[in-house]
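Derivation of every value follows stated rules applied to the coordinates shown; laboratory data play no part. Everything quoted here is computed from the prediction, not taken from an experiment. Ideal geometry is used to build each Cβ from the backbone, glycine not excepted, and the neighbour counts take in all protein chains shown.
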Amino acid sequence: MKYLLIVILSFCSVFAYSQDNLSYTKEDFLRGSITPEREWWDLNYYHLDIEVKPDLKFISGTNTIRYKVLKEHDLMQIDLQAPMQIEKVVSDGKELTFKSSGNVHLILLSKKQVKGDFNEITIHYSGNPKEAVRAPWDGGFSWKKDSKGSHFIATSCQSLGASVWWPNKDHMYDEVDSMAISVKVPKDLMNVSNGRLRSVDEDANTKTYHWYVDSPINNYGVNVNIGDYVHFGEKYKGENGDLDLDYYVLPENLEKAKEQFKQTGQMMDAFEHWFGPYPFYKDGFKLVEVPYLGMEHQSSVTYGNGYQNGYKGMDLSDSGWGLKFDFIIIHEAGHEWFANSITYKDIADMWIHEGFTAYSENLYLDYHFGKEASADYVIGTRKRIQNDKPIIGRYNLNKKGSNDMYYKGANILHTLRQLIEDDEKWRKILRNMNKTFYHQTVTTAQIENFLSMESGIDLTAFFEQYLRTSMIPTLEYKLEGKNLKYRYTNVVEDFDMPVEMTIGDKNQWIYPTSDWKTEKVNSSTLNVDRDFYIDSKIIK
Ligand SMILES: [Zn+2]
């Protein structure tokens, strides 16, 4: 048995490779790819059942994993990051053996795994989980106190992975279909997790909060938030009927929250209009105050923006419009459509979450303040684009691409809206995208093909340019008498995106490629439409 385990582990190391002068390790590959020890089983259900001891910064408990056998295999990869430790693994009342290599644990199953069967294992674990350094970006557990000295605790773990605090299949391609989360805390505190609160058990010193998520959920979306919370809520009349909006905040912020969280309904109005029904009616929607900025945790979006508009009070676009909404409410809730319902299979495709969600910020403005406001905002955010490297990261290694996935992503979609030239059609495409990929994990290729098909425009070169290079198309043009000459430079092969120009008082499409073209014009007043994310240069 031992021999087999060693063979598998060394087999995987073959896949370690180096790219762009960055070297990747066996651990990167085991963390970031669909290994043979992951692909044979399909996640069905988790019951994460833990106790959190704030004074000791310690957690312990179990995760029960129900899975469907897709093909015969006897080794199962489970991820749990040090210093957390697996104590034992149990299935059908029997303890199983396992071998650990760094954060990867290969469990040897004793029962024959028959294709189509549903089986369960329970992992017992404990430890002092990694403390968040700069939540939510460098996450883990945030062990904080509120102004009255009560514990105020939260988890965040995108990129790093949920295995930083609980054992699971830590790859995004396979979402669990439903999940129970039970969290025992000291009795003066409350735990808020994803989905709905089903029951609370109480003993002399503790309370256990039992939450249930009745939809597929991605690993990093699972969270615990522990504090001396007060609750208020409302019903939202949405496209799919009554939706419960629930809010959990510190008592000292109750009045401010009641005012600020009125934006939740306005957010739902805008996003249901543009993207279709909120994707988790069964689980409700929550905003939960936390001691860090915020995160898109599914059906329990976390909030720490200080009950003010903007991003910590700042307008990221400098257009003025960024102060018309609370960035964390709007942005993190936008992720319910793009991240939680439509989820990347591989973090290399994280732009699907952040590009569409950054774009949702200006569709919120579009809905409430009009098209000009929306354009001012998204164009205003261009100054944040670095063009340092491509938006798409490295596949199979848990490596994301450039942070340009946010505002370049938004500007790519704003440019695409111009190409479609029909806002109602564009809205239908976005709504249909949410229907087609509802509760699924997807790749960039799927999204690209979908947008090409739905728009009727071949977007191959468009996405190649904007997602896989860091070059920005440059439109060079010059006027020779009544002849406008123009071409693209800085473009990939076959890039031929049309652009609107104002020539005199007339709007007109031009069709540049990398070859010079000539067009007769009747005016020398030329302007390139600002809505297109390109550079333009007048050649003398
Ligand atoms: Zn985001």
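Expressed in nm to one decimal, what extension gain is obtained for the pair Lys145 and Glu493 from 0.36 nm per residue of sequence separation less their Cα-Cα distance?
Working it through step by step, the gained length comes to 119.7 nm.
Can you pull the one-decimal nm distance between simple spin-label points at Lys540 and Asp269, each 7 Å off the Cα toward Cβ?
Placing both labels 7 Å along Cα→Cβ, they lie 5.2 nm apart.
Given 20 °C and 1.002 mPa s, how large is the Stokes-Einstein diffusion coefficient of the range 386-492 in µm²/s, with Rh as the Kirkwood radius over Cα pairs?
It diffuses with D of about 136 µm²/s by this estimate.
For Val90 and Val114 in the same chain, what is the full-extension length gain: residue separation times 0.36 nm, less their Cα-Cα distance, in nm?
Stretched out fully, the Val90 to Val114 stretch lengthens by 6.8 nm.
Could you calculate the contour length gain from Thr122 to Ser514, that is, 0.36 nm times the residue separation minus the distance between their Cα atoms, to one decimal place in nm?
Contour length minus the Cα-Cα distance gives 135.2 nm.
Quote the relative contact order of the chain in percent (integer), defining contacts as alpha-carbon pairs under 8 Å separated by 6+ residues.
This gives 10 percent for the chain.
What are the residues whose amide H is under 5 Å from the amide H of Lys144, where those residues sit 5 or more places off or on another chain and H is modelled from the backbone?
So Lys144 has HN proximity to Phe152, Ile153, Ala154.
Give me the one-decimal nm value for the distance between modelled label points at Arg66 and Asp242, 7 Å along each residue's Cα-to-Cβ direction.
2.9 nm
Using Cα pairs closer than 8 Å and at least 6 residues apart in sequence, work out the relative contact order for the range 307-363, in percent.
Averaging sequence separation for qualifying contacts and normalising by length gives 28 percent for the range 307-363.
I'd like to verify something in the chain: which complete DSSP H helices, judged by Cα projection on the helix axis, reach 15 Å or more and average at least 0.5 on the Kyte-Doolittle scale?
Those that clear 15 Å and a mean of 0.5 are 2-13.
Could you tell me how many cubic angstrom of Cα convex hull volume the chain has per residue?
Each residue corresponds to 156 Å³ of Cα convex hull volume.
Checking the cross-link filter: which lysines have an alpha carbon closer than 22 Å to that of Lys88, excluding same-chain neighbours under 8 positions apart?
Cross-link targets: Lys2, Lys53, Lys57, Lys68, Lys99, Lys111, Lys112, Lys130, Lys169, Lys184.
List residues of the range 411-452, by number, whose backbone nitrogen lies under 20 Å from a label position 7 Å along Cα→C-beta of Thr460.
Output list for this probe position: 416, 420, 443-452.
Could you estimate the translational diffusion coefficient of the range 440-540 from the Stokes-Einstein equation, with Rh from the Kirkwood formula over C-alpha pairs, at 25 °C and 0.890 mPa s, in whole µm²/s?
In µm²/s, the coefficient is 166.
What does the range 349-440 give for Rg and for Dmax, in Å, if only its C-alpha atoms count?
My reading of the Cα-based Rg and Dmax gives 13.9, 42 Å.
Using only the alpha carbons of the range 246-316, determine the length spanned along each of the three principal axes and report them from longest to shortest in whole angstroms.
Dimensions of the range 246-316 along the principal axes of its Cα atoms: 33, 27, 20 Å.
Which value, to two decimals, describes the C-alpha radius of gyration of the range 424-486 once divided by 2.2 N^0.38 Å?
1.59
Counting pairs of alpha carbon atoms under 8 Å apart in space and at least six apart in sequence, what relative contact order in percent does the range 356-473 give?
26 percent.
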